[in-house]
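Working notes, structure below.
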Amino acid sequence: MLKTGLVSVTFRKLPPEEIVKLVSKAGLDGIEWGGDIHVPHGDVQKAREVARMTQDEGLSIAAYGSYYRVGCEKELNLPFEKVLETAIELKAPTIRVWAGNRGSGSSDQSWWNAVIEESRRIASMALKEGITISYEYHDNTLTDTAESAYRLLSEVNHENIRSYWQPPVGLNVEERLEGLNKITPWLSNVHVFYWKLRERMPLEEGISLWREYMKIIKTVQGTHYCMIEFVKDDEPGQFLKDAEALKRLI
């Protein structure tokens with residue numbers, strides 16, 4: 001089943017109260033709340049408040065979009081325990097994390113081992129709370145290419161590890177589809193946006209491309225949120241138009 005939503009950090013300048021009203025007006029299903037500003041790591045009181053206002057608006061919590069980087073706990077002084085307790089209070093079904101802080105091309109075997117070991121540790125911790133762990137599919141991490149993402153997911157080999165997907169910038173459609181196909185066994189949620197090079201564009205203009213991606217995404221079993229991110233000019237009005245395009249895609 002596919003559900004619709006918004007990544008809250010799309011509107012970093014808006015408070016949670018305005019975001020829930022905007023998502024409700026757009027007729028979407030849920031929100032991925034960001035850990036950098038809207039629901040800060042370790043602020044369990046804020047997590048409770050945001051969870052309540054989300055549910056009171058008739059929306060669901062799609063995920064906790066943390067900024068936890070696997071393998072960098074000491075370096076960034078962000079214990080996973082702090083992230084996990086926040087996600088519990090938020091009632092998030094999954095925690096989005098980053099697969100380290102360097103690209104696969106510049107990572108040696110010792111770094112791969114560190115990220116793999118740490119991934120298994122936090123996955124086991126989250127599993128006890130009924131929460132999954134999902135990697136961000138992103139540059140400058142070990143999920144920066146289709147091959148490295150597949151390698152990481154395969155070698156971690158943990159029942160509680162998943163992966164997001166978003167269209168990588170700089171690849172053609174065939175390459176994106178190939179990468180998406182590779183990670184479908186682990187696919188959790190999807191970040192939805194349309195860029196030309198690195199310029200944000202209305203989602204409607206990329207709807208033919210997204211129909212191709214959706215042919216694959218719709219074959220994956222389970223519940224997956226397809227969530228809008230990177231709205232052109234950060235305009236709420238544009239977001240409402242993008243939401244209409246997203247609902248048509250779903």
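The values are calculated or read from the model by the stated rules, or taken from the named source; none is laboratory data. Predicted, not measured: the structure shown is a model, and the values here were computed from it. Using ideal geometry, Cβ is built from the backbone for each residue, glycine included, and neighbour counts are taken over all protein chains shown. Side chains included, ligands, DNA and RNA excluded: accessible areas come from the protein's heavy atoms. Shrake-Rupley method; radii C 1.70, N 1.55, O 1.52, S 1.80 Å.
Annotations
- In segment 99-124, the residues that are among the hydrophobic types (A, V, I, L, M, F, W, C) and either touching a residue at least 60 places away in the same chain (Cβ under 8 Å) or surrounded by fewer than 17 Cβ atoms within 10 Å (Cβ to Cβ) (or both): TRP111, ALA114
- Restricting the search to helices (runs of 4 or more DSSP H) fully inside segment 25-98 and requiring at least 1 residues that are touching a Ser or Thr at 6+ places or on another chain (Cβ under 7 Å) and either closer than 25 Å to VAL156 by Cα or open to solvent by 20 Å² or more (accessible area, probe 1.4 Å) (or both) gives 44-56, 80-90.
- So ASN101, is it of a type in the set (S, T, N, Q) and out of contact with any strand residue (DSSP E or B) (no Cβ under 8 Å at 6 or more places or on another chain): no
- Every condition in (1) among the aliphatic types (A, V, I, L, M); (2) touching a Gly at 6+ places or on another chain (Cβ under 7 Å); (3) open to solvent by 70 Å² or more (accessible area, probe 1.4 Å) holds for LEU142 except the one numbered (3).
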